[in-house]
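Engineer: Please find one structure pasted underneath; my questions will follow.
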Amino acid sequence: MFFWLVNKGSFTEKWRIFFDAPEDRVGHGRNGLDNLQSEKYLWLLNNEIYSSIISSGKLEENMKDKVKILAIESSCDETAAAVVENGRNVLSNVILSQIEIHKEFGGVVPEVASRKHIENINDVVEKALKDANVKLEEIDAVAVTYGPGLVGALLVGINFAKGLAYGWKKPLIAVNHIEGHINSNYIENKNLQPPFVCLVASGGHTHLVYVEDYGKYEVLGVTRDDAAGEAFDKVARALGLGYPGGPLIDKAAKAGNKKAIKFPRAIIDDESLDFSFSGLKSAVLNYLHNSQQKNEKVIIEDVAASFQEAVVEVLVMKTIKAAKQKNLKYVALAGGVASNSRLREKLQEECHKYNYEFVKPSSILCTDNAAMIGCAAYYKYMKNLFADGSLNAIPNLELAN
Ligand code: KG4
Ligand code: ZN
C-alpha cells in the first residue's frame with residue numbers, strides 16, 4: 001500500500017510514506033513522520049488517512065493507462081466542469097457563461113460572479129459527469145483552478161472540488177489558470193509536444209511563455225499595464241459596442257479599414273518581450289474625444305479595425321521574436337483573445353513566413369473552460385503533484401515551474 005502527504009506551510013517538501021514496503025523505505029517514511037505535525041501523525045496512527053487527507057491515493061492508480069480527471073473552473077464568470085481522459089481526450093466539457101448577467105454592468109461584478117457560481121456549480125458538475133457517461137468510481141482525481149482570478153469565484157470551485165475529493169476519497173489537483181490556457185493547445189493538436197512558445201492573451205493576462213516541458217514554464221514577457229483583452233473591452237465600451245468587447249470589435253473590424261487611423265504600436269523597447277496597451281487605449285479615447293469636439297463623424301468600424309491591427313501587430317511581432325530567440329518548431333496561442341480572427345490570421349501568416357508550425361485551440365477552448373484544467377491536471381497527476389485540504393485561492397498566482 002502507498003500513499004502520500006503534501007505538506008504546505010512550514011513543510012515545503014512532499015513526504016512519501018510507504019507501508020508494507022521494504023525496511024529502508026519504511027525507515028524513510030518514519031523519518032518523514034517524525035517531522036509531521038502531531039495532528040497528522042495521530043490521523044496516521046488511527047489509520048484514518050484515507051478519510052482524513054484528501055491527497056491520498058494508490059500508487060497503482062498512477063500506473064493506469066486510462067486516467068480520467070474531473071476538472072472544475074470558476075476563476076471568473078464561467079462556471080465550468082469537464083471530464084478529461086489522459087489529458088487530451090475530452091469526454092465532456094460543460095461551460096455555463098454568466099456573460100448575459102454581467103453585460104448589464106459593462107464588466108464582471110465579482111460578488112455576482114461568486115453567487116452565480118454557487119447557484120450553478122452542482123448542476124454543471126453533474127452534467128459534466130453525465131455527458132461523459134462516467135461513474136464516480138471511474139474518476140481518478142478531481143482538479144480545480146486555484147488562481148489567478150477573482151478570489152470569491154475561485155473559492156467556490158476550490159471548496160466544491162475539495163468536498164468531492166474528500167467525499168469520494170480521490171486525489172485533488174490544483175491548476176494554475178494560465179497553465180490551463182496553455183495546455184488547451186494539447187487537446188486538439190495531438191502531436192504537440194513541448195518545447196514551444198505560447199502567447200496567452202486573455203481578459204486578465206498577456207503572457208509570452210516558453211513551454212520547456214510539461215509543467216515547466218519560463219515567462220518571457222508580460223503586459224506592464226492592461227491585458228490585451230482588457231484593452232479590447234475598454235475600447236469597445238468607449239465605442240458603445242457593449243461587453244465583452246473582444247468579439248464585438250472583431251466583428252465591427254471586418255467592415256472597417258485597418259489603415260484608416262494610425263494608432264501607436266507600443267513596442268516598449270526592442271529587446272523586451274513585454275507588452276503595454278494602456279497608451280494605445282488612451283490614443284483611441286483621445287481620438288474619439290477630439291472627433292467629438294470637432295464634430296467629425298466617427299466611423300466605428302474603422303476605429304475598431306485600426307485599434308485591433310495595432311494590438312495584433314505588437315502581439316504577433318513579439319511572439320515571433322520569442323520563437324526566434326528560442327529557435328523552436330511550434331508557436332501556440334491561447335486565452336480568450338486567441339479567438340480573435342485577425343490575430344489568428346496574422347500569426348498564421350508570420351509563422352508560415354518563418355517556418356514555424358502554428359497551433360491554436362478552437363474558440364470553445366480559448367474561452368475559460370474546464371477541459372484545459374483537466375488537461376494540465378493530467379500531467380501533474382503523472383508526476384504525483386497533488387494538493388491537500390489546505391488548498392486556498394491565490395488571486396494573483398504567478399505562472400511558475
Ligand atoms: O480567457 P478569457 O475567457 O477570460 C480570462 O481569463 O480573462 O478571456 C476573456 C477576454 C475578454 O477580454 C474578451 O473581450 C476577449 O477575451 N475576447 C476577444 C475575443 N473573444 C474574446 N478579444 C478579441 N477578439 C475576440 N474575438
Ligand atoms: Zn482565462
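Engineer: Return the pairs, sorted by first residue and then second, in which the second residue is acidic (Asp, Glu), the first residue lies in the stretch 130-147 and is in a strand (DSSP E or B), the beta carbons are less than 6 Å apart, and the residues are 6+ apart or on different chains.
Structural biologist: Qualifying pairs under 6 Å: Thr145/Glu73.
Engineer: Restricting attention to the stretch 107-166, which residues are of a type in the set (S, T, N, Q) and under 25 Å from Glu398 (Cα atoms)? Step through it out loud before you land on a result.
Structural biologist: Just the residues of the stretch 107-166 that are of a type in the set (S, T, N, Q), to begin with: 114, 120, 122, 133, 145, 159.
Within the stretch 107-166, Ser114, Thr145, Asn159 meet the criteria.
Engineer: Another one. If you take the residues of the stretch 327-376 that are polar (S, T, N, Q) and in a helix (DSSP H, G or I), which of them is nearest to ligand 2 (Cβ to nearest atom)?
Structural biologist: Kept after step one, since they are polar (S, T, N, Q), are these residues of the stretch 327-376: 327, 339-341, 348, 355, 362-363, 367, 369.
Checking which are in a helix (DSSP H, G or I) leaves us with 339, 341, 348, 363.
Details: Ser339: 11, Ser341: 19, Gln348: 22, Ser363: 13 Å.
It comes out as Ser339.
Engineer: Go through the stretch 61-98 and give me each residue that's within 16 Å of ligand 2 (Cβ to nearest atom), open to solvent by 40 Å² or more (accessible area, probe 1.4 Å) and β-branched (Val, Ile, Thr).
Structural biologist: Answer for the stretch 61-98, where residues must be within 16 Å of ligand 2 (Cβ to nearest atom), open to solvent by 40 Å² or more (accessible area, probe 1.4 Å) and β-branched (Val, Ile, Thr): just Ile95.
Engineer: Which ones in the stretch 231-262 are farther than 11 Å from Val311 by Cβ, in a helix (DSSP H, G or I) and within 16 Å of ligand 2 (Cβ to nearest atom)?
Structural biologist: Asp233, Gly245, Pro247 - these are the residues of the stretch 231-262 that are farther than 11 Å from Val311 by Cβ, in a helix (DSSP H, G or I) and within 16 Å of ligand 2 (Cβ to nearest atom).
Engineer: Can you tell me which residues in the stretch 128-151 are open to solvent by 50 Å² or more (accessible area, probe 1.4 Å) and among the acidic types (Asp, Glu)?
Structural biologist: Residues satisfying the conditions are Asp131, Glu137, Glu138.
Engineer: Tell me the residue from Gly204, Gly246 that is within 15 Å of ligand 1 (Cβ to nearest atom), at pLDDT 95 or above and either small (Gly, Ala, Ser) or under 24 Å from Val316 (Cβ atoms) (or both), please.
Structural biologist: Numbers: Gly204 fails: at pLDDT 95 or above.
Within the list Gly204, Gly246, the selection yields Gly246.
Engineer: Would you be able to tell me the number of residues in the stretch 152-171 that are surrounded by fewer than 17 Cβ atoms within 10 Å (Cβ to Cβ) and either part of a loop (DSSP other than H, G, I, E, B) or touching a Ser or Thr at 6+ places or on another chain (Cβ under 7 Å) (or both)?
Structural biologist: Within the stretch 152-171, residues that are surrounded by fewer than 17 Cβ atoms within 10 Å (Cβ to Cβ) and either part of a loop (DSSP other than H, G, I, E, B) or touching a Ser or Thr at 6+ places or on another chain (Cβ under 7 Å) (or both) number 1.
The values are calculated or read from the model by the stated rules, or taken from the named source; none is laboratory data. Small disclaimer: the values here were computed from a predicted structure and weren't measured. Cβ atoms come from the backbone with ideal geometry, glycine included; neighbour counts cover every protein chain shown. Areas reflect the complete protein model, heavy atoms only, side chains present, ligands, DNA and RNA absent. Shrake-Rupley method; radii C 1.70, N 1.55, O 1.52, S 1.80 Å.
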